[in-house]
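The values are calculated or read from the model by the stated rules, or taken from the named source; none is laboratory data. Source: prediction; values computed, not measured. Ideal geometry is used to build each Cβ from the backbone, glycine not excepted, and the neighbour counts take in all protein chains shown.
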Amino acid sequence: MPKKNKKLDTTVSSDPLSSNPFSDLNLGPLPEKPSSSLSPPSSSPSSSSSPLPEKNKSRGRLDVIRQRSGGGGGWSTVVAGFKGISSEEKTDLKKRIQKRCGVGGAIKSGNIEIQGDKREEVKAVLEDAGFKVVFAGG
């Protein structure tokens with residue numbers, strides 16, 4: 001035997017704003033001011049906490065090259081010249097570049113290859129990571 005669905009009454013009263021669905025929740029009054037224990041930390045330079053470490057600006061030079069894709073297709077952007085970079089960091093950089101550019105890419109022969117002529121976007125991501133970027137080639 002199939003179950004009968006119970007139907008709810010959906011008729012609207014004469015004044016739809018008179019009923020408050022939250023009236024049964026006894027939440028009490030809201031606090032007027034935030035408590036002093038939640039105050040933001042002071043931003044004075046004489047604070048005893050250690051400052052955040054600065055970005056490493058000397059991570060090396062990378063060449064960003066525009067070249068024709070294989071098979072006579074369109075352009076691709078190649079990032080070459082990685083020295084002392086782990087494969088995990090290259091993968092992370094590739095993912096950030098792909099997300100920023102909205103295209104695909106791969107790591108081939110230790111270089112990051114991105115689909116399309118995306119040199120400016122690639123440069124912005126690599127400079128944010130602390131690399132010195134130089135445009136090279138075509």
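Each row is one residue, and each column tells you yes or no for (1) assigned to a loop (DSSP other than H, G, I, E, B); (2) in contact with a Phe, Trp or Tyr (Cβ under 9 Å, 6 or more places away or on another chain); (3) surrounded by 10 or more Cβ atoms within 10 Å (Cβ to Cβ); (4) at pLDDT 90 or above.
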residue	(1), (2), (3), (4)
S50	yes, no, no, no
P53	yes, no, no, no
S58	yes, no, no, no
L62	no, yes, yes, yes
I65	no, yes, yes, yes
G71	no, no, no, no
S76	no, no, yes, yes
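Taking each residue of segment 69-91 that is under 22 Å from G116 (Cα atoms) and looking for partners that are at pLDDT below 90 and assigned to a helix (DSSP H, G or I) with beta-carbon atoms closer than 9 Å, six or more apart or interchain, yields S76/G70.
Residue under question is I112, and the condition is that it be β-branched (V, I, T), farther than 15 Å from G137 by Cα, surrounded by 12 or more Cβ atoms within 10 Å (Cβ to Cβ) and at pLDDT below 90; does it hold?
Values: β-branched (V, I, T): yes; farther than 15 Å from G137 by Cα: yes; surrounded by 12 or more Cβ atoms within 10 Å (Cβ to Cβ): yes; at pLDDT below 90: no.
Against the criterion (β-branched (V, I, T), farther than 15 Å from G137 by Cα, surrounded by 12 or more Cβ atoms within 10 Å (Cβ to Cβ) and at pLDDT below 90), I112 does not qualify.
The residue that is nearest to G110 (Cα to Cα), among those in segment 83-94 that are loosely packed, with under 12 Cβ neighbours inside 10 Å and of a type in the set (D, E, K, R), is K83. Taking (1) of a type outside the set (F, W, Y); (2) in a loop (DSSP other than H, G, I, E, B); (3) modelled with pLDDT of 70 or more in turn, T91 satisfies each apart from (2).
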